[in-house]
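Beneath this line is the structure, given in structure tokens, with notes to follow.
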2 protein chains.
Amino acid sequence: MRLVVIGGVAAGTKAVSRARRVAPDLEITLYQEEPEISISECGLPYFISGVVEGRDDLIARTPEDFAEKDVEVLTRHRVESINPENKRLVVKDLSAGKEFEDSYDRLLISTGARAVLPPVEGADLDGVFALRFLTDADAIMRYVREHSPGTVAIVGGGYIGLELAENLKEIGIEVAVVEAEGRVANAYGLEVSEKIAEHLEEKGVRVLTCDMVEEMVGDEEGKVRAVRFDGEELEAEMVIVAVGIEPAVEVAKEAGAEIGATGAIRVDKYLKTSLLDVWAAGDCAETTNLITGEPAWVPLGDTANQMGRVAGTNAAPGETFLEFPGVLGTGVFKAFDLTVAKTGLSEEEAMGAGFEVITVTVDSTDKAGYLPGPDPVFVKLIADAATGQLIGAEMVGGRADKYVDICATAIWGRLAYPDLVNLDLAYAPPFGPVLSPVIVAASALANKFERKTEGVRAVE
Amino acid sequence: MRLVVIGGVAAGTKAVSRARRVAPDLEITLYQEEPEISISECGLPYFISGVVEGRDDLIARTPEDFAEKDVEVLTRHRVESINPENKRLVVKDLSAGKEFEDSYDRLLISTGARAVLPPVEGADLDGVFALRFLTDADAIMRYVREHSPGTVAIVGGGYIGLELAENLKEIGIEVAVVEAEGRVANAYGLEVSEKIAEHLEEKGVRVLTCDMVEEMVGDEEGKVRAVRFDGEELEAEMVIVAVGIEPAVEVAKEAGAEIGATGAIRVDKYLKTSLLDVWAAGDCAETTNLITGEPAWVPLGDTANQMGRVAGTNAAPGETFLEFPGVLGTGVFKAFDLTVAKTGLSEEEAMGAGFEVITVTVDSTDKAGYLPGPDPVFVKLIADAATGQLIGAEMVGGRADKYVDICATAIWGRLAYPDLVNLDLAYAPPFGPVLSPVIVAASALANKFERKTEGVRAVE
């Protein structure tokens, strides 16, 4: 029995480890287009600034590590096509420049996602980059070393753009963030976007919004020197495009795998695709939003890892079939001293999904007010007005990474406001005010619900 | 309609605020024996070391604040007895030394808890203290100022004892912790106790265990000079007894209120006592352990606050009746650089409650390993072998305060290992490894469960 895995970052390498664990005799080959496997792509912004010192530090495991587990890992190998009829693959060895055929009994597609490059003139100039792979980071760092750009324009104010803003500022480059979607971090509510923009400005990062980025403008040597948007030019000696990523599904699609509404590969709850004996996991695969029940595409490293565990177990022969229940879209990022986090639906997303919502916002702190240096934190909770259940939460400031995990777990457990307000969380003065900001916000939520239902509650 | 509240720390003051909110016309009087109300007792160790600078910082609200809400607060007034037949009280004004009578329509007892003093000789010597009230902290600080003790013995290695160890060491006093229950932090599993003891020793705190503390030994001036245990004397120029607290239930008990098995006042799910129109909340009241369904007494500030919210709402006239569902016993404390936290049942407690358990322990870190300075963290999960549900968790190290809240919320939501392993928590390198230590531990748990059920899982 032979398992082939296409793509070896988070989902692929986790799947391989799991498959080996549950099926010690399985023959396993992993093909990876990039020169390395098992890369922490989320660490790349911190590598560019030198906060991560060694390139190797970002590589969790090597082909040699897998060889010890009797897993064949072939890097610089791109799978060109899949024939699901006869379970054969065409593979190109990129180093040798040669194609060959291979076959599988079970196939796992974990081809990941790639950066979207906007179709504007000048996107191919020297000094214009996207950041997705370790090789992209290498190229950015080489350009910084060779040309010492004094200014950078980051096109796109999502979390990668904002992490880059911090890390490029860190190495002394003046940073402007250009956002064409009206505001930075627009997956969040307006309150959060504004707090982030304010913090960026305090840290000396310019935040610019525009209707459309029109062109990257080059100099006579073919190097970028400006970004043009809304008819104006912003000087920039380097440009990083961080407008988003898209699932890499071409090979799967050409093989006839069903592609979902999100553009990613459709899978069932066992992460099986529409093709016989073919699974998919990670950034190339679609999953389910647990709140709306709708298809969701959430390309994040932790989710990819979790999907890899499930897909790797199921693709290996054996009695164990795991389910991957879906996602909430939980995320966190750091932009300078600000922690920003979200789980579930934003108010806008909830309304778009047809929910009537009740929302609250509170300002609290991340330790008892009488201890030195409490950081402020802003928490917004979004509840389903019909059930009182929490369906979304956003937070900015001290320990936001903690509060978001509490809320994510609460949404997962389908907790409603009467539970949230009484939730037994841990308190000691160094770790928060007497009631967690989540509970303070839940109390405000309960007050709103109780007002709404006043006089109609059951009396014992 | 007149509400009288006895005791004004966490539960009492919160209850009063809520009662005022839901019943604007209610007549409210709060009696408090101590000179202040609304004190953060949990902040007292940090006040002793000067980390909390101002005494007033520990007082969240004053009688004047409540007067503005038309609530009468009388401090240095002790309620001596309750007559539930005619709804009258005998109150002693401690300043004036006079008794008077008062009456109520609704009564809320939030008399809190007091420190237990062991019945050993010398417990009344100068320099022997317990720490419960702000006035206790005042006395300790006065003794430190006047006598500059070079050594202190802290009798009791629970969280108050360990917080005091840190804060007294902080002001230059040599600290020994003497624990008669075999090990420090014995509400935790052995692994955790050992990690704490090791850290204390690293920080220069002596950790001594003994069978029994026999005597506080005084000098000719009546000042403590040593603690005697197991026949040996440990020199100590100051002693702090932190062996535990007990609920202050005398007035309630004499009035005929039912006392629960835990020794605290028995209440129903609305926090009503067995007496007509009498509620109880906070450290004097019993609640339910949500995992075992058994009576529980968990005297913690956050729980008291949450109980106060429920009791204050229910004791006020109106249509709203809230339920207090119970507790998990979630707690956290800091001992020097170590964060220690727990929710639910320890392995020993779970077995004592009749559970068959499956447990795992993992060592992880609190940020991506390639970033500077990740702190190690130890996580132990305790699951019910019959259902796979999480019933307890303990953690020591970086961000333990976060992981415990995730686990507490998961237990509240009755999540089992297949949920925990797929839980959608927030990831970014500055906030953790790609999978939260909770998920890493849950994966280990899932592996144990899957091995156990191998070959018997349903196959689709």
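For region B:343-366, name all the residues that are of a type outside the set (Ser, Thr, Tyr), within 14 Å of chain A (Cβ to nearest Cβ) and out of contact with any helix residue (DSSP H, G or I) (no Cβ under 6 Å at 6 or more places or on another chain). Break it down into steps so the answer makes sense when it comes.
First, pick out the residues of region B:343-366 that are of a type outside the set (Ser, Thr, Tyr): B:344-345, B:347-358, B:360, B:362-363, B:366.
With the extra rule that they be within 14 Å of chain A (Cβ to nearest Cβ), the set shrinks to B:344-345, B:366.
Correct list: B:345, B:366.
Residues in region B:306-343 that are at pLDDT 95 or above and of a type in the set (Asp, Glu) were compared, and the one that is farthest from residue B:2 (Cα to Cα) is B:337.
Being within 11 Å of chain A (Cβ to nearest Cβ), in contact with a helix residue (DSSP H, G or I) (Cβ under 8 Å, 6 or more places away or on another chain), within 19 Å of residue A:436 (Cβ to Cβ) and outside any strand (DSSP E or B) is the requirement here; does residue B:324 meet it? I'd like the intermediate steps shown before the answer.
Numbers: within 11 Å of chain A (Cβ to nearest Cβ): yes; in contact with a helix residue (DSSP H, G or I) (Cβ under 8 Å, 6 or more places away or on another chain): yes; within 19 Å of residue A:436 (Cβ to Cβ): yes; outside any strand (DSSP E or B): yes.
The answer is yes for residue B:324.
Of A:116, A:79, A:90, all but one fail to be among the β-branched types (Val, Ile, Thr) and under 30 Å from residue A:237 (Cβ atoms); the exception is A:116. Taken over region A:18-29, the residue count meeting the criterion of being surrounded by 19 or more Cβ atoms within 10 Å (Cβ to Cβ) and part of a helix (DSSP H, G or I) is 4. Residues that are of a type in the set (A, V, I, L, M) and under 30 Å from residue B:126 (Cα atoms) occur at least once in region B:250-260. Which residues, taken from region A:97-116, are assigned to a loop (DSSP other than H, G, I, E, B) and small (Gly, Ala, Ser)? Hits for region A:97-116 are A:97, A:110, A:112.
I'd like the full set of residues that are among the polar types (S, T, N, Q) and surrounded by 12 or more Cβ atoms within 10 Å (Cβ to Cβ), limited to region A:45-100. I'd like the intermediate steps shown before the answer.
Just the residues of region A:45-100 that are among the polar types (S, T, N, Q), to begin with: A:49, A:62, A:75, A:81, A:83, A:86, A:95.
Selection gives A:49, A:62, A:75, A:81, A:83.
Residues in region A:101-116 that are within 22 Å of residue A:282 (Cβ to Cβ), surrounded by fewer than 15 Cβ atoms within 10 Å (Cβ to Cβ) and among the hydroxyl-bearing types (Ser, Thr, Tyr): 0 in all.
Condition first: at pLDDT below 95 and not β-branched (Val, Ile, Thr). Can you find one or more residues in region A:288-305 that meet it? Even if it seems obvious, please write down each step before you answer.
As a first pass, look at region A:288-305 and keep what is at pLDDT below 95: none.
The answer is no; no qualifying residue exists.
Among the residues of region B:71-94, is any assigned to a strand (DSSP E or B), closer than 30 Å to residue B:152 by Cβ and under 26 Å from the mean Cα position of the chain (by Cα)? No, region B:71-94 contains no residue that is assigned to a strand (DSSP E or B), closer than 30 Å to residue B:152 by Cβ and under 26 Å from the mean Cα position of the chain (by Cα).
Yes or no, residue by residue, for (1) in a strand (DSSP E or B); (2) over 20 Å from the mean Cα position of the chain (by Cα); (3) without any contact (Cβ under 8 Å) to a residue 40 or more places away in the chain:
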{"position": "B:372", "(1), (2), (3)": "no, yes, yes"}
{"position": "B:403", "(1), (2), (3)": "no, no, no"}
{"position": "B:406", "(1), (2), (3)": "no, no, yes"}
{"position": "B:430", "(1), (2), (3)": "no, yes, no"}
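Of all residues in region B:371-400, those satisfying the criterion of being within 16 Å of residue B:427 (Cα to Cα) and surrounded by fewer than 21 Cβ atoms within 10 Å (Cβ to Cβ) are B:371, B:374. Residue A:292 passes every criterion in (1) farther than 26 Å from residue A:161 by Cα; (2) of a type in the set (Val, Ile, Thr); (3) crowded, with 23+ Cβ neighbours inside 10 Å apart from (3).
Select from region B:135-188 the residues that are of a type in the set (D, E, K, R) and under 13 Å from residue B:335 (Cα atoms) and list them in ascending order.
Answer for region B:135-188, where residues must be of a type in the set (D, E, K, R) and under 13 Å from residue B:335 (Cα atoms): B:163, B:166, B:169, B:170.
Counting the residues of region B:330-342 that are buried (at least 20 other Cβ atoms within 10 Å of the Cβ) and more than 7 Å from every other protein chain (Cβ to nearest Cβ) gives 5.
Quick one: which of B:269, B:203 is of a type in the set (D, E, K, R) and in contact with a helix residue (DSSP H, G or I) (Cβ under 8 Å, 6 or more places away or on another chain)? Give the steps one after another, and end with the answer.
Numbers: B:269 fails: in contact with a helix residue (DSSP H, G or I) (Cβ under 8 Å, 6 or more places away or on another chain).
The match here is B:203.
Residues that are β-branched (Val, Ile, Thr), farther than 17 Å from residue B:113 by Cβ and touching a residue at least 40 places away in the same chain (Cβ under 8 Å) were ranked within region B:241-298; the one that is farthest from the other protein chains (Cβ to nearest Cβ) is B:278.
Considering each residue of region A:37-53 in turn, none proves to be of a type outside the set (Gly, Ala, Ser), touching a residue at least 60 places away in the same chain (Cβ under 8 Å), within 20 Å of residue A:251 (Cβ to Cβ) and more than 14 Å from chain B (Cβ to nearest Cβ).
If you check A:420, A:425 for being in a loop (DSSP other than H, G, I, E, B), aliphatic (A, V, I, L, M) and on the phi < 0 side of the Ramachandran plot, only one passes: A:425. What are the pairs with Cβ atoms under 7 angstrom where one residue, in region B:346-360, is exposed (fewer than 15 other Cβ atoms within 10 Å of the Cβ) and the other, located anywhere, is among the small types (Gly, Ala, Ser)? Sequence gap at least six, or different chains. Going by the 7 Å Cβ cut-off, the qualifying pairs are B:356/B:385; B:356/B:386.
Can you find, within region B:432-460, the residue that is modelled with the lowest pLDDT among those that are hydroxyl-bearing (Ser, Thr, Tyr) and not in a helix (DSSP H, G or I)? Full working, then the answer.
First, pick out the residues of region B:432-460 that are hydroxyl-bearing (Ser, Thr, Tyr): B:436, B:443, B:453.
Filter once more, keeping what is not in a helix (DSSP H, G or I): B:436, B:453.
Values: B:436: 97, B:453: 60.
For region B:432-460, the residue satisfying everything is B:453.
The values are calculated or read from the model by the stated rules, or taken from the named source; none is laboratory data. Everything numeric in this text was worked out from a predicted model, so none of it was measured. Please note: Cβ atoms are built from the backbone with ideal geometry, for glycine as well, and neighbour counts cover all protein chains shown.
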